[in-house]
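Participant: Below: one structure in structure tokens.
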Amino acid sequence: MSDLGVRPFGQIEALPYHWPFDGYWSPADSALLLLGFQRGTISALSAAPAFTVALRLLAAARDRGLFVAASRRVALPDGDMVARRRHTMGDVVPAEGSDDWAFPPQLVLPHTALVIDHPGDNAFYKTTLEKALKARGVRNLLIAGLPTEGLVHATQRTANDMGFECLAVSDACQGTSEPRHTAQLRITTFGNGLFGTVATAAAVHAALTKA
């Protein structure tokens, strides 16, 4: 393995503790998750600022050799129960191939990236995400996405239960409202990091440059 793959990065100044908890993360055991950055969601939430921050994170992850996974919410062809329930709640899940389902052209993923489609607010549900991450030895996750109180939090909670050390990048996420965004990030840090940690993109970039 190259030196780049094993050289650790600096700890990230996060809340409620510096991340990761054991002080060690590197390209060999860390990944960036980009959740729900689809045309329809970005437009509906007016989330261009968060998307811009996420693109900078993606560039940094690519430069530093982190594995990248990106998820899209999609109405599955078998009429998945989750998508049907979301539809009755007024949350229309986009159909595969539609404009709302697609990633914006600015989101250029590495050729090694994993792209997963899922119907609900959990990127691990009915996907290969957990298997793919663990097969690569990933244990640390940087998470960015839309919306904070939906896809981001549901995925992060599940990842935490699976044993991943998680960090939500606050300004690379956006909620359906600012109060919901703020409240959800506060919930994430309950109980000394019950569901993970939270930090800004600036803190992530600062840690990446300390490698």
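Participant: What nm value, rounded to one decimal, do you get for the distance between Val108 and Ala132 when each label is placed 7 Å out toward the C-beta?
Facilitator: 2.1 nm
Participant: Report the label-to-label distance for Thr182 and Asp22 in nanometres (one decimal), using points 7 Å from each Cα along the Cα→Cβ vector.
Facilitator: Here the answer is 3.6 nm between the modelled labels.
Participant: On the full set of protein chains, 1.4 Å probe, figure out the accessible area of Arg157 and give it in Å² to the nearest 10.
Facilitator: About 100 Å², rounded to the nearest 10.
Participant: Please check: in the Gaussian network model of the chain (C-alpha springs, under 10 Å), which one of Thr41, Thr176, Thr112 has the largest mean-square fluctuation.
Facilitator: Between Thr41, Thr176, Thr112, it is Thr112 that shows the largest mean-square fluctuation.
Participant: Quick one: length gained pulling Ser46 to Phe190 fully straight, 0.36 nm per residue minus the C-alpha distance?
Facilitator: My answer for the length gained is 49.0 nm.
Participant: Now a separate question. Given the chain, what percent of its DSSP beta bridges are antiparallel, to the nearest 5?
Facilitator: Bridges in the chain are about 5 percent antiparallel.
Participant: What accessible surface, in Å², does a 1.4 Å probe find on Lys210, ignoring ligands, DNA and RNA and rounding to the nearest 10?
Facilitator: Counting only protein heavy atoms, the figure is 130 Å².
Participant: For the chain, what does the helix formula give at 222 nm: sum of -39500 (n - 2.57) over DSSP H segments with n ≥ 4, over the residue count, nearest 500 deg cm²/dmol?
Facilitator: The per-residue figure over the chain is -9500 deg cm²/dmol.
The values are calculated or read from the model by the stated rules, or taken from the named source; none is laboratory data. These figures come from a predicted structure and were not determined experimentally. FYI the Cβ positions are ideal-geometry reconstructions off the backbone, even for glycines, and counts take in every protein chain you see. These accessible areas exclude ligands, DNA and RNA; they are computed on the full protein's heavy atoms, side chains included. Shrake-Rupley method; radii C 1.70, N 1.55, O 1.52, S 1.80 Å.
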